[in-house]
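Beneath this line is the structure, given in structure tokens, with notes to follow.
Just so it is clear, none of the values below were taken in a lab; they were calculated from the coordinates. In this text the structure is predicted, and so the values were computed from the model without any measurement. Using ideal geometry, Cβ is built from the backbone for each residue, glycine included, and neighbour counts are taken over all protein chains shown.
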Amino acid sequence: MERAYAILDVKAADAPTRRISGTATTPTPDRQGDILEPLGAEFTNPVVLLWHHDKERPIGRAYLCATADGITFDATIPIIDEPGPLRDRTDEAWQSLNAGLITGVSIGYRARPGGVHPLKSGGRRFTATEICELSLVTVPANVHATIHAIKSIDAQYLAASGPNPSGAADRTRNTPMTTQERITALENSRAAKVARLDALMTKATDENLTIDGGPDQAEYDAIELDVKKFDADLVRLRSLEELNKNAAKPIQGGPPSRSSAIQVKSAVLPGTAFIRYCQAKAFGNGDSMRELAFAQQWKDSTPEVEMVLKAAVAAGTTTDATWAGPLAALQPLATEFLELLRPATILGKIPGFLHVPFNVSVPSQTGGGTYGWVGQGAPKPVTKLQFGSISLGITKCAGIIVITEELAKVSSPSAEEVIRRDMIAGIAQFLDSEFTDPTKAAVANVSPGSVTNGVTPITSSGTSTANARTDLQALIAAMTAAGISVAGAALLMSESNAAALGNANNALGQPLFPTLSPTGGSAMGITVYPSQTVGANVILLSPPCILYADDGGVTIDVSREASVQMDGAPDNPAVATTVLTSLWQNNLVGLRAERFINWKKARTGCVQYTVQTYVG
């Protein structure tokens, strides 16, 4: 049996139903010099998916589709619930794919009579073959084929879709390909062409040559022209698909239980849709058509990205009663990102803050009444409450995240993860520091002061963990002396302090704080929220006494032409020594994120803190 190999290029990974798709082979010479003509291959779907061509070790099944540009496949590795060798084998295969240890795919085939033709290069051209199986392997030979997706769909949807859920065309059937199948086939063919372009360019670079005037120029130009034709056809097919969707009519009748729509929600990581929206904005740089074209690649997993980009094109008018409708579509993406950000910040972790609107006066009680015992027949004392008012003005935090052009264009999970980590870590660190740093004073109409600013710290009794217990008692005493209950209070301390206290023992060898660890817990019945941004400060605060305003959204702007100072604390205003970096000159993209947020203490004494680094 002959074999033809191809490299796997893993672009995505989800887990519930394990599915891979891509190109198994292309009509280009492999490293043995052999060429397999895709349209001369015969097969019966589904074909068995093997582990390293071992017929005794099946791991799934695959559906093949042959076009003039290659043979694409869509395969599923089942999830086995019952323990045993089969579950171990399928789990090993899936884990190897996701870890990048499996780098090749291979088809096993037999040449049919008269289907083998020798080539001058020493290889062979197979024009008539029978494909018997598809295998996952570690040693690739054909470098022009890729796996385009490793993904999953809802198990119930998979079961309802029949034996060929992937949409891959089955050559044994007589029905024509659907529009979606034609799109998939074109995308697979395009990916193979682009891989060949990359290989030709790499070859020229390695040989210190240029494509122009080189031996591969004709092939490169021809393939580049094919890619442009594919792109044009993909635009037409997607437009046709939209027209077909708009013309579709609901099926009338049937049981009521079947009349409801089935929704399959993609199992992408939280915040992915927002990150992809940022990538599309960065790629398009204000060109809505480029943004939409870039977002097409996520149409199946995060269609809301395309929906938001389309909505942003429509301008609102004062005469249109629903003018704000299109803009509302952005809210789910911003909310999704904030939900991802909140668990990372102190403000997001601590419950119970008093949420109020911007620029609205909130009554604040500054003094209580006087009460006393009253004898029989004696007059009762007349008392009064003392109130003030507090309002939170509109302030915003903002930052510019600079990424490379290449990172903005790449849509793989690793690129999205880089952007996601950067945005979450940057905003979280900034907000946590601003919220807790005692030196951060309020700046009128610019920024709020920290909740510890203006608070006189309580002198620590020492560095030992026994002293820590005394310090916590002093913080609690100070807060209750101000008439504020510690019910629902929160303790903020560094992870190192939390670790020292969590490992501390008393004289009998018992834990001083048995539930405390570097990741959280409680101390003396008060919940601890560790954060390295607080440094040596140990802060006790009462969330209900802190006003908190948040518009619940993030604004993203993109620029390639700006010149920025690559500094976390830029000069304001710029001076002669300020060094500016041109984004255009350095192939960089700036993503400017803004979030309107403000906070303020409503009562004096609701925040107490001490400064100490404890040693266990």
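Spin-label model, Ala569/Glu130: points 7 Å from Cα along the beta carbon direction are separated by 7.7 nm. Were the residues from Ala507 through Asp300 laid out at 0.36 nm apart, the gain over their Cα-Cα distance would be 68.4 nm.
At an R0 of 22 angstrom, the distance between the Cβ atoms of Ser239 and Asp557 translates into a FRET efficiency of 0.15.
Of the GluC sites (Glu not before Pro) found in segment 195-227, those that fall in a DSSP loop while having at most 14 other beta-carbon atoms within 10 Å are Glu207.
If R0 is taken as 30 Å, the Cβ-Cβ distance between Thr577 and Val402 corresponds to a FRET efficiency of 0.90. Ranked by the mean number of other Cβ atoms within 10 Å per residue, highest first, peptides 430-439, 568-577 order as 430-439, 568-577. Of the peptides 230-242, 480-492, the order by per-residue mean of other Cβ atoms within 10 Å, starting with the highest, comes out as 480-492, 230-242. Normalising the average separation of contacting C-alpha pairs (under 8 angstrom, six or more residues apart) by the number of residues puts the relative contact order of segment 396-611 at 29 percent. Points 7 angstrom from Cα along the Cβ direction at Val611 and Ala232: gap in nanometres? Label at Val611, label at Ala232, 7.0 nm between them. For the pair Arg112 and Thr480 in one chain, pulling the backbone fully straight at 0.36 nm per residue adds 123.6 nm over the alpha carbon distance. Full extension of the chain between Thr463 and Asp91 gives 128.9 nm of extra length, using 0.36 nm per residue less the Cα-Cα distance. With a simple spin-label model that places each label point 7 Å from the Cα along the Cα-to-Cβ direction, the separation between Ala99 and Asn587 comes to 3.4 nm.
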